[in-house]
1. Of (1) in contact (Cβ under 8 Å) with a residue 60 or more places away in the chain; (2) assigned to a helix (DSSP H, G or I); (3) crowded, with 21+ Cβ neighbours inside 10 Å, PRO148 satisfies all except one. Which?
2. Which residue pairs have Cβ atoms under 6 Å apart, sit 6 or more places apart or on different chains, and have a first residue in segment 19-35 that is under 16 Å from GLU114 (Cα atoms) and at pLDDT below 90 and a second that is basic (Lys, Arg) and surrounded by 19 or more Cβ atoms within 10 Å (Cβ to Cβ)?
3. Condition (residue is surrounded by 14 or more Cβ atoms within 10 Å (Cβ to Cβ), touching an Asp or Glu at 6+ places or on another chain (Cβ under 8 Å) and under 19 Å from THR139 (Cβ atoms)) applied to segment 51-59: is it met by at least one residue?
4. Quickly run through segment 163-206 and pick out the residues that are charged (D, E, K, R) and within 25 Å of the chain's Cα centre (by Cα).
5. Give the residues of segment 234-277 that are out of contact with any Phe, Trp or Tyr (no Cβ under 8 Å at 6 or more places or on another chain), of a type in the set (Lys, Arg) and in a helix (DSSP H, G or I), sorted by residue number.
6. Quick one: is GLU332 modelled with pLDDT under 90, assigned to a helix (DSSP H, G or I) and of a type in the set (D, E, K, R)?
7. Just to confirm my filter: which helices (runs of 4 or more DSSP H) fall fully inside segment 1-117 and include at least 3 residues that are among the aliphatic types (A, V, I, L, M) and more than 25 Å from LEU146 (Cβ to Cβ)?
8. Within segment 156-189, which residues are among the hydroxyl-bearing types (Ser, Thr, Tyr), assigned to a helix (DSSP H, G or I) and loosely packed, with under 15 Cβ neighbours inside 10 Å?
Amino acid sequence: MKPSHFIGSRVVKTGVAVFLTAWICELFHAPAVFAVITAIVTIEPTVADSIRKGFIRFPASAIGAAYSVFFIYLFGNSPITYALAATLTIVTCFRLKLHAGLLVATLTAVAMIEVIHSNYFISFLIRLGTTTIGLVVSTTVNMFVLPPDYTAHITENMMAIRKRLAAKIEKVFYAVTAEQPITAVYSLQSSDDVYKKIRQTETLIQFQKEEAKYHPLTSNEKEFFKQIEKQLASLKLIHYHIDNVLTTKLRNDLWMDHEKKIIREVVDELVDTFYHKTKLNQTDICNLRELYWRENGVASRKPDANIANLPPELIITYELLTICQLTNRFLEYGNKVEVVKSSD
């Protein structure tokens with residue numbers, strides 16, 4: 001990992017939150033360790049997450065502290081105290097669906113055992129107070145110090161998805177038009193980095209939407225994310241149609257040479273479009289459309305012609321035409337994104 005990417009905004013915010021939390025605890029002569037633990041785990045990708053999970057972590061921490069005090073009173077500082085406090089804290093939080101607070105509650109429960117010797121109720125209240133300090137400080141830091149902005153990351157991901165889709169389109173359609181398409185398609189790698197990248201980008205867009213509740217977007221920014229979301233939906237559908245080709249039952253005598261040429265010319269156009277955002281050549285699209293209707297006519301004259309027995313040639317040309325249509329839609333949304341950028 002590059003050093004410049006290692007020191008990210010969340011790392012900086014965590015450091016600031018820990019410092020402020022420890023400093024405030026020192027002002028009140030309160031033990032800082034529990035507050036610091038809470039502050040560390042409360043720095044979330046969005047302010048909304050910090051607030052939402054904060055309301056879960058506070059009662060969870062109270063449960064952990066209560067179990068710790070109770071078992072210290074019964075058994076003192078002993079192994080059974082650690083085991084019972086940790087186990088019952090986890091079980092109770094799980095039963096109450098306080099999943100986001102499980103970690104901090106369990107850490108609080110076991111860490112308190114070492115430092116409590118008397119005044120159990122006062123110690124319990126102090127732990128709740130320091131936990132509150134950690135929650136409030138980390139949420140405030142997350143809101144005002146380097147507020148989350150995923151625009152650059154989303155833009156980078158969109159570019160990466162485009163290029164990976166281009167590579168996948170080229171590999172898949174060149175494979176199905178190979179001399180031995182069954183072997184060629186089978187040899188393609190099964191791992192799918194494109195889908196993972198799409199899911200990651202969807203998550204980042206959702207983070208940005210949640211962040212907009214606390215740091216409102218301008219009208220141009222709203223339009224930008226609206227068009228980016230539409231672009232991503234188009235790319236996701238393209239990925240789906242590529243996978244349909246991969247799952248099509250093939251034969252080794254699918255194409256004649258001129259048909260292979262038509263398909264590969266369209267594929268080359270798609271690859272160039274995804275890399276350089278150029279318009280598709282309509283002549284190549286028309287040739288592919290004619291090939292589709294020709295295959296459709298042949299299929300309809302077969303005695304077993306029905307939806308369950310569509311020939312692979314027809315399926316593949318249909319999927320490629322659909323990908324072309326979705327690519328044109330992607331370019332339209334891209335033009336709107338550029339208009340929004342130029343108006344800033």
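The values are calculated or read from the model by the stated rules, or taken from the named source; none is laboratory data. Treat the numbers as computed from the prediction; the structure is a model and nothing was measured. Please note: Cβ atoms are built from the backbone with ideal geometry, for glycine as well, and neighbour counts cover all protein chains shown.
1. Failing condition for PRO148: (2).
2. Pairs that qualify, where the first residue is under 16 Å from GLU114 (Cα atoms) and at pLDDT below 90 and the partner is basic (Lys, Arg) and surrounded by 19 or more Cβ atoms within 10 Å (Cβ to Cβ), are PHE34/ARG127.
3. Among the residues of segment 51-59, at least one is surrounded by 14 or more Cβ atoms within 10 Å (Cβ to Cβ), touching an Asp or Glu at 6+ places or on another chain (Cβ under 8 Å) and under 19 Å from THR139 (Cβ atoms), which makes the answer yes.
4. LYS163, ARG164, LYS168, ASP192, ASP193, LYS196, LYS197, ARG199, GLU202
5. If the condition is that a residue be out of contact with any Phe, Trp or Tyr (no Cβ under 8 Å at 6 or more places or on another chain), of a type in the set (Lys, Arg) and in a helix (DSSP H, G or I), then LYS236, LYS260, LYS261 are the ones that fit.
6. No.
7. Where helices (runs of 4 or more DSSP H) fall fully within segment 1-117 and carry at least 3 residues being among the aliphatic types (A, V, I, L, M) and more than 25 Å from LEU146 (Cβ to Cβ), they are 47-75, 79-95, 102-115.
8. If the condition is that a residue be among the hydroxyl-bearing types (Ser, Thr, Tyr), assigned to a helix (DSSP H, G or I) and loosely packed, with under 15 Cβ neighbours inside 10 Å, then THR183, TYR186 are the ones that fit.
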